[in-house]
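The values are calculated or read from the model by the stated rules, or taken from the named source; none is laboratory data. Just so it is clear, the structure is predicted and the values come from calculations on it, not from any experiment. Please note: Cβ atoms are built from the backbone with ideal geometry, for glycine as well, and neighbour counts cover all protein chains shown.
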Amino acid sequence: MADIDIAEEIPLPAQQRPPVVTSGVIGWLRANLFNSVFNTILTILAVYLLVMTVPPLIRWAFIDAVWDAPNGQACRGEGACWAFIGEKWRFIFFGRFPYDAQWRPLFVVVIIIGLVLASCDRRLWGRRLMLLWPAGLVVVGILMSGGVFGLRYVPSEYWSGLPLTLILAVVGMLFAFPFAILLALGRRSNLPAVRVVSVAYIELVRGVPLITVLFMASVMLPLFLPEGVTIDKLLRAQVAFILFAAAYLAEVVRGGLQAIPKGQIEAADALGLGYWRRTRLIVLPQALAMVIPPLVNNFIGAFKNTSLVLIIGLFDLLNTANTALTDSNWQGFASETYVFVAAIYFCFCFFMSRYSQRLERTLNRGHRR
Amino acid sequence: MSNAAEAMPVQAPAPSIIEMQAVHKWYGEFHVLKDINLVVGRGEKVVVCGPSGSGKSTMIRCINRLEEHQQGRIIVAGIELTSDLKNIEAIRREVGMVFQQFNLFPHLTVLENLTLAPIWVRKMPKKDAEETARYYLERVKIPEQADKYPGQLSGGQQQRVAIARSLCMKPEIMLFDEPTSALDPEMIKEVLDVMVELAQEGMTMVCVTHEMGFARTVADMMVFMDRGEIVERAPPQDFFANPKSERTRLFLSQILAH
Amino acid sequence: MAVQTVATPSRPAPWRDPKIRAIAVQVVFVAVLAAFVAFLVHNTIVNLRRQNIATGFGFLDREAAFGIGESLIPYSPADTYARAFLVGLVNTLYVSALGIVLATLLGTVMGLARLSSNWLVAKLAAIYVETFRNIPLALQLLFWWALLRGSAPPPREAWELLPGVFISNRGITFPVPFAETAYFWMAIAFAAGLVITFAVRRWAKRRQERTGQQFPTGWAGLGLALGLPAIVFLGYGLPLRLDVPALRGFNFAGGTAMSPEFGALLIGLVVYTGTFIAEIVRAGILAVSWGQSEAAMALGLRPGQRMRLVVLPQALRVIIPPMTSEYLSLTKNSSLAVIIGYPDLVSIANTTLNQTGQAVEGIAMIMAVYLAISLLISLFMNLYNRAVALVER
């Protein structure tokens, strides 16, 4: 009936706690580490592995490590020789750039990292950012090469270390991007000649290792140029990176283009927009927004790929580290150096990949129904 | 808590085929099933309803061990449900389940979907399995789709295939977890028709559903769950006409608004 | 009703006709491209002539005059450049094939580990993947090379890891068995085991269709493949004579050695590519919705059957395409061997290039080889995709 008959209502059982065996720390241990015979064995093996490797590692890296030493002899011991890093870090970071002018590559690193971070924040996307990039790059160019504003001229042979790595990666991706868009559009074009050329380029470049493209640029570009025209080593490597990255980026962009529903194109046509207007205003913005996570992954790959220039004699971060090892006063500290440089690369790449994962999650949220 | 009201069958009281006694379940600290007591007799049709998050799906999934209960006893077809794999497998052979998302195997044809379990679990020869499969496809009225793939069928057809797939194992109990919630309206009827036919042939059924019309036609007992506990149970005529609890009344007013 | 004649639309002016425009655009495009290429080719020829560099592939028949550190086929500096290339190609294929097998094993194990319900194992696998994925391969190769070469002592003070296995700066030296006739027959027995397994499989399948009875084909196959060679081994009286490396003078004699270069390349490639394969395997298994497993469970299928009949077939469809991509990646990455001095194709081509000055031909040859491998792998993948595509509306 209408009135609530409380006596009839089944009383709520008192809020019970779950049994101890299935909750709290013990519950977590049981559920996650020991929930079956097989898992128990695995846990024991994993703990054994950790016990065998972690304490010796900590001992090598911290406890027995030498933090201060005048030369290689004094630094030899059971542990790591971090004094070597203390001695060589400026060389590893900035390479052969003139010692007293190294504030310039430092600024370059800060500017580039700043630009990249700014581009990560979606709220800052807009016309201002589009102008900030070329401005930033011009400043980077001036700072690195000098020759104006009272700055000493430094030829590109002396650009080395972390600034070189960043410049190769960032400039490579920036210039490869428009080229990639053209290639992707070309691959989907209705004109057979354009399509064949685009496909041929993409498949050719994707089918060969980056080293061969670097060799090709390093050795063959001078041959391609008319008599008297020279091209410096850095520019050759940069061109190689741009050509290489463009092919991979083109496939990523093509993925985005393929995902655009046909209705978008039909609506654009119905409105009377031509091919180029439709592409520029409707298709590309949507396609590019869709493929931002794979684009970031590509950038991480490009960043790692810069380490290959050591083969053609450019002094990126990896090569400066390698060169630091050839000092006769400090012999045999390869592990320390490689760990140090690995940590630098790891920081950059790990945070970029975390960012890409976060992006993917936020963007997918928009697509979920 | 003493046993809840048993169903009011036409014949003499049927032996119970599902018994849940003081069942509790926690997800971490969250108490999702609170003191569930339920007895389902052979041939009885139970419809479970309630707001989302009330634990109704969790409860029926405990019956075939798709979810694990921490306290209490569950006895299905005379077998007690414990962590003993033998018991679990025996119970799963006798309990069929139809899911909201159909869960047909997309890489197998309809016929292969139906014959997979009979061949590999009941160890039937292929011919017999196919014969059974075609029989049940006929029963759900889509015999011509036998060699198609699930991706080629409509939602309603897929769900009917899912029902036929469970029936091929000749289970004693059929569990339905919101079988029509993912279907477009025009396809709900074809699935409900199959379920009504199944009910009329005497299958023991426990259905979680929002389809109250179906419940009125088929159910022997309505169970209302809210926040992890069974609030009310009654035969449909009493349940709809005279809900005893305020929470039941609130729920019914929301769901029967149209 | 008046009969209306529909006027045929008049042909637009040539410069508005889309068909003609399309052709015109393409002609211009091809013309510009051709002109550009011609310009480059012309410059190249002029520059080559100026530097007195020969053209053409005649150099392949000339004597190479450089040694190659390690090779699977016999080679001496008196052989031709063509033979040197062959050595490089074989080395590349060898390290790639071995790398692919080991990386697949490591990656699959790590990918499954990441999905494990054991928190510790899952976290350790995640650490492995994140660490080695975010460090450039070149750096990893240098690291392993330094470890195997620099940190290892000279042969006189080599570490004996296991009896007969020595680690020194000449590489890892380990014992190999001397060839015996028994081994030949064991190989035959193994092949026979495989053939018999296939026959057993067919018989078991037919029997299951007829009577429903199941037969443990997997275990039977394993037993045959391992058991038959074991029987031959026993029959010959357990012949096993190991050529154990022993220190003689300054180096080891006997046994066989894996050079630090090869070791570093292999370990680096396997560890690096393993991370990507782990992610692919993980994504593939996650791609199969949990509802599939639940439906299989509800039908009474056992965990092994669930994996084999429901989850794996669907997971493999998602796993194999990117996996073949990674195999191609590994093969291309083996070209980094030039950094640590392992004589692969690129490394040898580079030496040839430097000696003959014929950069264009050398690079063209390398690219041709890698392109051929690429295309083969792409072809295989397209065929596989078409064969297993899920049929949909």
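Here the helices (runs of 4 or more DSSP H) wholly within segment C:200-309 that include at least 2 residues being aliphatic (A, V, I, L, M), away from chain B (no Cβ under 14 Å) and closer than 30 Å to residue C:324 by Cα are C:217-235, C:260-287.
Here residue B:76 meets each of (1) crowded, with 20+ Cβ neighbours inside 10 Å; (2) more than 24 Å from residue B:204 (Cβ to Cβ); (3) more than 12 Å from chain C (Cβ to nearest Cβ) with one exception, condition (2). If you go through segment A:338-355 and keep only what is under 22 Å from residue A:76 (Cα atoms) and more than 9 Å from every other protein chain (Cβ to nearest Cβ), you end up with just A:340.
Taken over segment B:32-44, the criterion of being within 14 Å of chain A (Cβ to nearest Cβ) and in contact with a Gly (Cβ under 6 Å, 6 or more places away or on another chain) is satisfied by B:32, B:33, B:34.
For first residues located in segment C:53-65 and more than 15 Å from residue C:359 (Cα to Cα), partners that are of a type in the set (S, T, N, Q) and lie 6+ apart or on another chain with Cβ distances below 7 Å form the pairs C:61/C:80; C:62/C:80; C:63/C:80; C:64/C:80.
Those helices (runs of 4 or more DSSP H) of segment C:332-393 in which 3 or more residues are small (Gly, Ala, Ser) occupy C:359-388. If I ask for residues that are facing chain C (nearest Cβ under 7 Å) and among the aromatic types (Phe, Trp, Tyr), which ones from segment A:214-241 would you list? Those that are facing chain C (nearest Cβ under 7 Å) and among the aromatic types (Phe, Trp, Tyr): A:215, A:224. Entry remark, segment B:123-140: residues being crowded, with 17+ Cβ neighbours inside 10 Å, at the interface with chain C (Cβ under 8 Å from one of its Cβ atoms) and not in a helix (DSSP H, G or I) number 2 in total. I'm checking my understanding of the structure. Among residues of segment C:246-279 that are of a type in the set (Ser, Thr, Tyr) and touching an Asp or Glu at 6+ places or on another chain (Cβ under 9 Å), which one is modelled with the lowest pLDDT? Top of the filtered list is C:256. Against the conditions (1) over 25 Å from residue A:351 (Cα atoms); (2) modelled with pLDDT of 95 or more, residue C:137 satisfies every one except (1). A Cβ distance below 6 Å, combined with a sequence gap of six or more or placement on separate chains, defines the contacts here; from segment C:148-171, residues that are surrounded by 17 or more Cβ atoms within 10 Å (Cβ to Cβ) reach residues that are modelled with pLDDT under 70 and in a strand (DSSP E or B) in the pairs C:167/C:161. Within segment B:192-213, the set of residues being touching a strand residue (DSSP E or B) at 6+ places or on another chain (Cβ under 9 Å) and not acidic (Asp, Glu) comprises B:195, B:198, B:199, B:203, B:204, B:205, B:206, B:207, B:208, B:209, B:210, B:212.
Restricting segment A:62-88 to residues that are in a helix (DSSP H, G or I) and surrounded by 18 or more Cβ atoms within 10 Å (Cβ to Cβ) leaves a set whose member that is modelled with the lowest pLDDT is A:72. Taken residue by residue, segment A:194-213 has at least one member that is more than 7 Å from chain C (Cβ to nearest Cβ), part of a helix (DSSP H, G or I), more than 19 Å from residue C:371 (Cα to Cα) and at pLDDT 90 or above.
Do you know which residues across segment B:235-258 are more than 12 Å from every other protein chain (Cβ to nearest Cβ), of a type outside the set (Ser, Thr, Tyr) and either assigned to a helix (DSSP H, G or I) or surrounded by 14 or more Cβ atoms within 10 Å (Cβ to Cβ) (or both)? Selection gives B:235, B:236, B:237, B:238, B:239, B:240, B:251, B:252, B:254, B:255. Here is the figure for segment A:244-267: residues that are basic (Lys, Arg) and under 15 Å from residue A:294 (Cβ atoms) total 1. Of the residues contained in segment A:89-111, none is found to be in a helix (DSSP H, G or I), closer than 22 Å to residue A:175 by Cβ, over 24 Å from the mean Cα position of the chain (by Cα) and modelled with pLDDT of 85 or more.
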